[in-house]
Amino acid sequence: VAILAQDTFEPPLKRLPEAPSHSRAMARATELMAIAMQQEQVDSEEFLGMVKSYNERRGFGFAACERTATKFGRDVYISKAEARLALEEGGGPIFAPQLAVSAAFAARSGQGQCKPPAPSLAEEDLIRFRVRFSADGMPQAEQIRRVRKFSGVVSQQPGTENEAVGRVTSDELYIAFGQREAVLRRVHCGQIRLGAGDRVTFCIDGGCTGAPLEALLVLLVPRQMHLVDHVLGCFALSLPRAPIAEGWPARPDFQLDCHALADRIILSGLPMDANEAELMACFAKHGATMTALARSQNGTFASVAFPSQTEVVRFVGRSIHTFADDKETRLVRLLPCRRAGGCKTALPGLPAPTLVSEETGALMVRWTPIVLATGYTVELRPAGQQASWSLVEAPGGSFSKHAASCRVSGLPTNVAFEARVTYLASCGCCSDASDTSAWCMAFPNMAPTPGLGAAMPWQQQQQQQ
């Protein structure tokens, strides 16, 4: 009221006329053109990956790709709009046929609404896509094209080096390209150890007339149960570690040696401060159900259990995975085996064997066989002396994978012995030595007392001399 009573009151400013609608439209068009030009520069590179997850109800998913993970440090977001606009390779939208069928069904049944179309993308679909960045700087997939997935059989396994290529045979390739075989390189198989006869899925790069076909994104089809004794993968793993507490300095990554089996992954080389909780924080995101630690005289091992072979194959079949927690996203890297040129202990040992004397001058060594082993080595030494171990001779250097015992003869009857067993895996790695057995003398019905066994009759004779 006081303001209105002032003599200096000024009338409100007049509202300026609005710009013509066509001027606003031109400004908006210019803005969109600038955005399009910027996106065109960002999206010039095309990537090949796999749909890691997609939820039609929630309306988003993620694409996994080794190149984008290395370049952006995370998985690429897939929006529902982009998923529904996805194209079949060389065709129209993926969901269009399903939508047409649903509309026809609704018309015939007299329903007012047609059923929603089937999901446009599904987990493990292979896709090509480009990347644009959101307002928050997060990579998002666009111009998605689903790539045809082929299935075939490995006719020649790839070597450990990229130059040593293998071959995959497929009737589907012959129908599509007129060629029955495709080149199979180790670099496109993750860290899976493929063998002749394995069934795989893959996509093809190229396909030009007369040009050799090359298999990409190769993934093993889970093997039958009678082949589970084979090692699925032998590799090194770089696993990020979180700080002990918020604000504390970062800890060095785990550098581990790993063996992938039918339903678990065996880790070796763990430091003494490793625990099951921090391992599960990573592996639970890839389907693991449990971890168990075991410590031996040569180091710490861990067993990471999965529900089935499928989850193990998915993890080992790619060389890079993302690992996200509440704070940040880090990368888990699977690398080639670090034991080139020599065998290193990388598998947990067996339980202690048993020694039994069944006849004079001979001992029977018995151990618990395991499916993973392709052979066993047995060592013997006099008990209580910390002497060097002597390898028990076996045909071909090791006992058969079906063996569970061996007989050692020609032993003195007045000496107590102890034994240990080591097994070999199909990848060429050996296990940690088992715990030593109880003492036993090569004389039936004579069991040495461990507390007194350090001075056997033959040793007393040496001391007297």
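A short reminder: the numbers here are calculations on the coordinates, not readings from a lab. Model, not experiment: these values are computed from the prediction. We place every Cβ from the backbone using ideal geometry, glycine too, and count neighbours over all the protein chains shown.
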> So, by mean Cβ neighbours within 10 angstrom, what's the order for 369-375, 406-412 with the highest one leading?
Replying inline: 369-375, 406-412
> What ranking, highest mean first, results for peptides 300-308, 240-248 when packing means the other Cβ atoms within 10 Å averaged over each residue?
Replying inline: 300-308, 240-248
> If you count, for each residue, the other Cβ atoms within 10 Å and average over each peptide, how do 260-270, 314-324, 164-174 line up from highest to lowest?
Replying inline: 260-270, 314-324, 164-174
> Simple spin-label model, 7 Å along Cα-to-Cβ: Arg381 to Arg251 in nm?
Replying inline: 3.3 nm
>> On a full-extension model of 0.36 nm per residue, what is the gain between Glu172 and Ala292, subtracting their alpha-carbon distance, rounded to one decimal in nm?
In response: 38.9 nm
>> Can you divide the C-alpha Rg of segment 362-404 by 2.2 N^0.38 Å and report the result to two decimal places?
In response: 1.28
